[in-house]
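**Q** Can you read through this structure? Questions will come right after.
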Amino acid sequence: MKIYGDSISGNCLKVKWVADFLGRPYTWIETDILKGESRTAEYLAMNPAGQVPAAVLDDGRPLAQSNAIILHLAEGSSLIPADPYDRARMYEWMFWEQYSHEPYVAVARFQVTYLGKPVEDLEPRIVERGGAALQRMELGLAESPFLVGDAVSLADVALVAYTRVAHEGGFCLDLYPAVKAWVGRVEQALNIH
Ligand SMILES: N[C@@H](CCC(=O)N[C@@H](CS)C(=O)NCC(=O)O)C(=O)O
C-alpha cells in the first residue's frame, strides 16, 4: 500500500499510526501541501479532492478521507469494537470529529503554526467552537478511559490526532484534565510520541 501524506497533518498521521499499530506494510509518500503537491495534475488523477491523506491499495485502488482509510485498514481488528452499539458509538465520535472538532481545533493550529497568524487574530467562532469540542470530549472522558469503553478504538485515533497538538492553535489542555490524561493513554496504547 502507498500512503500519500504530509507529516504536519494529523489527518495523515491517523493513517500512519493505524498501519503501524496493525503492522501493515506501506510506503509513505511525503506530499507537501504548503507547496501544492496535492494539487498537481498527477495527484488529482489519483485523488480528485486534491487533499491528503490518500492511500493506494496493493491492487491499485485509491481511497481518500482519513477516517475512511483507517476504517478500511482496521477492518476485523481490535481497533473496531465487535459489539454493534459500541461500533456505532465509535462512528458517532468519528463523524463528530470531522464536523465539530477538526474544522476548529485543526484549523486554528494550521493558521497559527503554519500560516503564522497570532492567536488573538483567530476568528472568534473557531476559538469558541474548538473550546466547545474539547469540553464535549472532557464530558465523554469523565465516564471512561477511552472514548468507547475500556479499549482504544478508531474513535481515539481520529480524535487524538489534533487534540494532542491543540496547544499549537492556542488551546490549553490544562483546562481539560480528563482529555489531557486520555491523550497520554492513547499515545501509549498506539505507541506514538
Ligand atoms: N476530511 C479530510 C480532510 C483532508 C484535508 O483537509 N487535508 C488537508 C491536510 S489536513 C489538505 O490536503 N489540504 C491541502 C489542500 O486542500 O490543498 C480527511 O479527513 O482526510
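**Q** Mind checking whether some residue in the range 39-52 is closer than 22 Å to LEU190 by Cβ and surrounded by 14 or more Cβ atoms within 10 Å (Cβ to Cβ)?
**A** Scanning the range 39-52 turns up at least one residue that is closer than 22 Å to LEU190 by Cβ and surrounded by 14 or more Cβ atoms within 10 Å (Cβ to Cβ).
**Q** Got a number for residues in the range 29-62 being within 13 Å of the ligand (Cβ to nearest atom) and on the phi > 0 side of the Ramachandran plot?
**A** 2
**Q** Same structure again: Check VAL186, VAL160 and return the single one that is within 14 Å of the chain's Cα centre (by Cα) and within 18 Å of TYR104 (Cα to Cα).
**A** VAL160
For (1) within 9 Å of the ligand (Cβ to nearest atom); (2) touching a helix residue (DSSP H, G or I) at 6+ places or on another chain (Cβ under 8 Å); (3) under 30 Å from GLY131 (Cβ atoms), each residue gets a yes or a no:
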residue: ILE8; (1), (2), (3): yes, yes, yes
residue: THR27; (1), (2), (3): no, no, no
residue: ALA64; (1), (2), (3): yes, no, yes
residue: ALA88; (1), (2), (3): no, no, yes
residue: SER100; (1), (2), (3): no, yes, yes
residue: PRO118; (1), (2), (3): no, yes, yes
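**Q** Could I ask something else about it? Could we say that GLU75 is acidic (Asp, Glu), within 23 Å of TRP96 (Cα to Cα) and out of contact with any Gly (no Cβ under 9 Å at 6 or more places or on another chain) here?
**A** Criteria met by GLU75.
Each value in this text was obtained by applying a stated rule to the coordinates, not by laboratory testing. All figures in this text were calculated on a predicted structure; none of them were measured in a lab. So basically every Cβ, Gly included, is an ideal-geometry build from the backbone, and we count neighbours across all protein chains shown.
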